[in-house]
1. Mind listing whichever residues of the range 116-153 are of a type in the set (A, V, I, L, M) and touching a strand residue (DSSP E or B) at 6+ places or on another chain (Cβ under 6 Å)?
2. I need the strands (runs of 3 or more DSSP E) fully contained in the range 139-246, keeping only those with at least 1 residues that are among the charged types (D, E, K, R) and either over 22 Å from A45 (Cα atoms) or open to solvent by 10 Å² or more (accessible area, probe 1.4 Å) (or both).
3. Report, by residue number, each residue of the range 1-23 that is among the hydrophobic types (A, V, I, L, M, F, W, C) and touching a residue at least 12 places away in the same chain (Cβ under 8 Å).
4. Looking at the range 356-374 only, could you name the residues that are surrounded by fewer than 19 Cβ atoms within 10 Å (Cβ to Cβ) and either small (G, A, S) or within 16 Å of the ligand (Cβ to nearest atom) (or both)?
5. Among the strands (runs of 3 or more DSSP E) lying completely within the range 336-419, list those that include at least 3 residues that are under 17 Å from L311 (Cβ atoms) and free of Cβ contacts under 8 Å to residues at least 40 places away in the same chain.
6. Give the residues of the range 281-307 that are in contact with an Asp or Glu (Cβ under 7 Å, 6 or more places away or on another chain), crowded, with 24+ Cβ neighbours inside 10 Å and outside any strand (DSSP E or B), sorted by residue number.
7. Can you confirm whether A35 is more than 15 Å from the chain's Cα centre (by Cα), away from the ligand (no atom under 15 Å from the Cβ) and assigned to a loop (DSSP other than H, G, I, E, B)?
Amino acid sequence: MHHFAYRDGALFAEDVDLTALADAVGTPAYVYSEATLRRHFRVFADAFAGADALVAYSVKANSNIAVLKTLAGEGAGADVVSGGELQRAIAAGIAPEKIVFSGVGKTGDEIAAGLDARILQFNVESAAELAAIDEIARARNAQAPIALRINPDVAAGGHEKISTGKKEDKFGVPWAEARDLYAKARAMKGVAVKGVDLHIGSQIDDLAPFEAAFTKIGGLIADLRADGCAIETLDLGGGLGIPYGEGAVPPHPDDYAEMIKRVTAPLNVKLIFEPGRMIAGNAGILLSRVLYVKDGEAKKFLIIDAGMNDLVRPAMYDAFHEIWPVVESSGGETVYDVVGPVCESSDRFAKDRKMAPLKAGDLVAIMSAGAYGAVQASQYNTRALVPEVLVNGDQYAIIRRRPTYEDITALEATPDWLP
Ligand SMILES: *Cc1c(COP(=O)(O)O)cnc(C)c1O
């Protein structure tokens, strides 16, 4: 459920008319609904009410500081995958004891920053990283709280580019090496073993792979405890899918929670979750204007002012996004390829999409663009990063402005030998 809906044929974000908003801030623009962000967070957190659980929002899904502040206000922690994200989370007021640091390639500086901030836990992805953390922590006279990210070797479906829990994937410690590495970790003076972590992928629309992975991890926790290893936390990662308007309908957080409570009840651990898409995905749209309608030889193209540099999901993951007209019309249906202005054939948001007929100047909303949208944008073709707007009731604020040409080129320098 989200707060983008028609009123008398005009699409609103909460109480803000998107036509008026487009005129005020220009297009393309990302528009987020604060009420939707809060609602999704609460639905997830409430599903685990009564359990010892921390919901650490996955910052990489949408890292705008205003979004993080909104979620911090709801009690969210943060799952970060870089030093930059760590800084954002702290700047947004998220308490370090609610921050977990994930990622396969943490640098020495990033590890040191996490130690200095006294975060809750490092999710460690390899033996080599564990050794690095131990060494850096000892050099600072500190002890790093760690969980090992275990690769449970289950296939989670979804697109291969967002699957992370099979043994062919680069993520996590191989299942067969887990017990051994825990034994090594326990002997290290610079680390304090806290828990076990896993994350099997993203946009998973079926409970079965989650249950298979979590059950397998439960067995590992029993083995580790038998080995004398105290396991206090179990981080179950993110990955719960959202409806994109095509394909399967993902499980409701209540059903997800019911399964998890059942599987983890005997374990007596503090649960950590890292949802990203589930919180932010349907809380945002990409607002764009039709530039041209082109009657090609074989098909009709709707050329819009947003491009793959602004929202790369269709090009990168073959992702489906609904595209809604901002003003409803009753003029029947036309079939379009909806494309952007970037000089790449993959710059296409929809293929053979049935839509109400549109003309140059009309506005469209690319739905479900709140997660993995703005954060993956680039300035390819020297197209300015799209501004981000946060709506709250009948108010809105620009939470990242559109850069100027001077902003875009400010980091470039001409060497002395060029005129
Ligand atoms: C990307 C990621 C998440 C968030 O995944 P969603 O599908 O957005 O919920 C959580 N944990 C880790 C380690 C990740 O890499």
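1. At the first step, the residues of the range 116-153 found to be of a type in the set (A, V, I, L, M) are 117, 119-120, 124, 127-128, 130-133, 136-137, 139, 142, 144, 146-148, 150.
Passing the criteria: I119, L120, V124, L130, I133, A137, A144, I146, A147, L148, I150.
2. In the range 139-246, 144-151, 191-197 are the strands (runs of 3 or more DSSP E) which contain 1 or more residues that are among the charged types (D, E, K, R) and either over 22 Å from A45 (Cα atoms) or open to solvent by 10 Å² or more (accessible area, probe 1.4 Å) (or both).
3. Within the range 1-23, M1, F4, A10, L11, A13, V16, L18, L21, A22 meet the criteria.
4. A356, A360, G361, listed by residue number.
5. Result: 348-355.
6. G307
7. no
The values are calculated or read from the model by the stated rules, or taken from the named source; none is laboratory data. All of these numbers come straight from a predicted model, not from anything done at the bench. Every residue, glycine among them, receives a Cβ derived from its backbone with ideal geometry; neighbour counts consider all protein chains shown. Heads up: the accessible areas ignore ligands, DNA and RNA and are worked out on the full protein's heavy atoms, side chains in. Shrake-Rupley method; radii C 1.70, N 1.55, O 1.52, S 1.80 Å.
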